[in-house]
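The next block holds one structure in the form of structure tokens; read it before the comments.
The values are calculated or read from the model by the stated rules, or taken from the named source; none is laboratory data. Remember, it's a predicted structure, so these values are computed and weren't measured experimentally. Here Cβ is always computed from backbone atoms with ideal geometry, including for glycine, and neighbour counts include all displayed protein chains.
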Amino acid sequence: MSKQRIIAIDGPAASGKSTVAREVANRLNCIYVDSGALYRGITWKMLCDGVNTKNPLLVLPVLLKSKWKFEVRDGAVVFSIDGVEPGEALRSKEVCEAVSDIAAMPGIRKFVVNRLRKLKKLGPLSMEGRDIASVVFPKTPYKFYLDANPEERAKRRHAELMAKGDLEQAAEVMESLQQRDEKDSTRKAAPLKVADGAYVIDTSRYDVADVVRTVLDRIADLEKPRSEAMINPRLYRATCDVLGLWLKVCTRIRVLGLRNVPKTGGLIIASNHASYLDPPAIGAFCRMRSVHFMARDTLFRKPLLGWHLRRVGVISLDRERGDVRAMKTAIHLLQGGAAVSLFPEGTRTMDGNLQPPKPGVGFLVAKGRAPVVPVYIHGSYEAWSKHSGGLKRKPVTVIFGQLITREEIQQLGSGRDAYARIGELIMARIAELKEQFEKGLIHE
Ligand code: DC
């Protein structure tokens, strides 16, 4: 995950968002931000300075003169105003009563929104509030809205206050919650509402652990690579056109058995590997669907090539270290219904013969839960092998074999031994295609 995560969690008072945002921050190594604390901080400052908290004309000049300092402590943002940290005073009865008026002032909101946006430079954030997904970070994909029925929220807030020994506030809890809800959702400036695209969770009947799990699952889901997001369709088609023409001219390529390739659903296209010609020989003629290939990460470092590979959906692979990330990407793509091409032998053959499968192949096939089309490519070794040092004008034939179904793969069981058997089955099907082709038994 290279992009910085900004997790926006909004909702009414006592909906559980503080506890959830804090725990999510903890689990994902983000910095927790309680945005309401800034509105409370301003309220506290005004009360300390004896400023009328209902009058924006008096509040704003004092605010603009104040000096704010932010820092991260124990995974959360804390701040001081003019050198003093308000701390527990932010939760005092006086602050609670006046904060809704302060939070309704457009000038104040502008000030707070700016400060909140700047916190991004501290690192990934899990921020809770009322307008985080709608106003502060509307572009973040991680938007959540937590809600709970008023009785449940009153019950939670009551328990919280009793635990603190605050009996006076506990008695009025329902009424004050209702007043605050009303003010927060009817004010003109950034009223509390569900942001576009926010994931709504009703927490009334769930405990914190369930809600946190739901949030984490949703984030994981949003981060799954999506085929459409990785492939630029026009560039992909143009690349196929150019490479297809080049292969026709240079190798008089023949492609057989394309009817064996399903048009939709997760699919693995598994081929023998003898040459740099193999990926384009498969991809350029499989026109019924786009295919993701894998390529060495070093190729992605070449400026133009790297740019191009990324836009045609190629997955970067660190072959030296056995790339877990590439594996995960491929599995997510397969589970999401995309086609992924792989070479079970791992690397190009040295002598033109088929090689045994690499151990990871069976794992990928089992976890991707997709059927496999075995492919035999004939002639690419003669046309451009590891030793030949360049392209020779030799004929190439690509044969797409009959589908190995998911059921056939599942019958091989699970676990390490089964993964080995899956790899062997695929190579055996490729070997059958080779034999049939060499005996002249395959015609279109
Ligand atoms: O979440 P809290 O109770 O600490 O919030 C205090 C007040 O600030 C409350 O009236 C809602 C308001 N607020 C807001 O308007 N926007 C936010 N992003 C956070 C809080």
Scan the stretch 173-202 for residues that are away from the ligand (no atom under 15 Å from the Cβ) and assigned to a loop (DSSP other than H, G, I, E, B) and jot them down. ASP196, GLY197
Across the stretch 316-341, what is the total count of residues that are at pLDDT 95 or above and in a strand (DSSP E or B)? 3
Looking at (1) surrounded by fewer than 16 Cβ atoms within 10 Å (Cβ to Cβ); (2) in contact (Cβ under 8 Å) with a residue 60 or more places away in the chain, find the lone condition where GLY75 falls short. (2)
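Kindly evaluate ALA148 against the criterion of being within 21 Å of ASP10 (Cα to Cα), aliphatic (A, V, I, L, M) and touching a Ser or Thr at 6+ places or on another chain (Cβ under 7 Å). Working first, answer last.
Numbers: within 21 Å of ASP10 (Cα to Cα): yes; aliphatic (A, V, I, L, M): yes; touching a Ser or Thr at 6+ places or on another chain (Cβ under 7 Å): yes.
Criteria met by ALA148.
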With (1) near the ligand (Cβ under 8 Å from one of its atoms); (2) under 23 Å from the mean Cα position of the chain (by Cα); (3) part of a helix (DSSP H, G or I) as the list, and GLU128 as the residue in question, which single condition is left unmet? (3)
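Could we say that ALA37 is within 20 Å of the chain's Cα centre (by Cα), modelled with pLDDT of 95 or more, among the hydrophobic types (A, V, I, L, M, F, W, C) and within 13 Å of the ligand (Cβ to nearest atom) here?
Judged against the criteria, ALA37 is not a match.
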Being touching a Lys or Arg at 6+ places or on another chain (Cβ under 6 Å), closer than 22 Å to LYS54 by Cα, in the same structural domain as LYS69 (by TED's automatic domain parsing) and within 13 Å of the ligand (Cβ to nearest atom), is that true of even one residue in the stretch 107-121? no
Residue satisfying condition, being under 32 Å from the mean Cα position of the chain (by Cα), of a type outside the set (Gly, Ala, Ser) and not in a helix (DSSP H, G or I), within set LEU146, LEU116: LEU146
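To keep it simple, each residue is scored yes or no on (1) at pLDDT below 95; (2) among the hydroxyl-bearing types (Ser, Thr, Tyr); (3) not in a strand (DSSP E or B).
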{"site": "ILE377", "(1), (2), (3)": "no, no, no"}
{"site": "HIS387", "(1), (2), (3)": "yes, no, yes"}
{"site": "LYS392", "(1), (2), (3)": "yes, no, yes"}
{"site": "ILE399", "(1), (2), (3)": "no, no, no"}
{"site": "SER414", "(1), (2), (3)": "yes, yes, yes"}
{"site": "ALA420", "(1), (2), (3)": "no, no, yes"}
{"site": "GLU424", "(1), (2), (3)": "no, no, yes"}
{"site": "ARG429", "(1), (2), (3)": "no, no, yes"}
{"site": "GLN436", "(1), (2), (3)": "no, no, yes"}
Select, from GLU85, GLU71, the only residue that is touching a Leu at 6+ places or on another chain (Cβ under 9 Å) and at pLDDT 95 or above. GLU71
Does LYS143 satisfy the condition of being in contact (Cβ under 8 Å) with a residue 24 or more places away in the chain, in the same structural domain as ARG218 (by TED's automatic domain parsing), surrounded by 19 or more Cβ atoms within 10 Å (Cβ to Cβ) and out of contact with any Lys or Arg (no Cβ under 8 Å at 6 or more places or on another chain)? yes
Candidate set from the stretch 409-444 (those that are among the acidic types (Asp, Glu) and over 17 Å from PHE343 (Cβ atoms)); member that is farthest from the chain's Cα centre (by Cα): GLU438
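How many of the residues in the stretch 172-196 are among the small types (Gly, Ala, Ser) and loosely packed, with under 13 Cβ neighbours inside 10 Å? Write out each step before concluding.
Pass one, the stretch 172-196, residues among the small types (Gly, Ala, Ser): 176, 185, 189-190, 195.
Those still in the list that are loosely packed, with under 13 Cβ neighbours inside 10 Å too: 185.
Residues in the stretch 172-196 being among the small types (Gly, Ala, Ser) and loosely packed, with under 13 Cβ neighbours inside 10 Å: 1 in total.
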Right, VAL212: surrounded by 16 or more Cβ atoms within 10 Å (Cβ to Cβ), within 30 Å of ARG5 (Cα to Cα) and away from the ligand (no atom under 15 Å from the Cβ) or not? yes
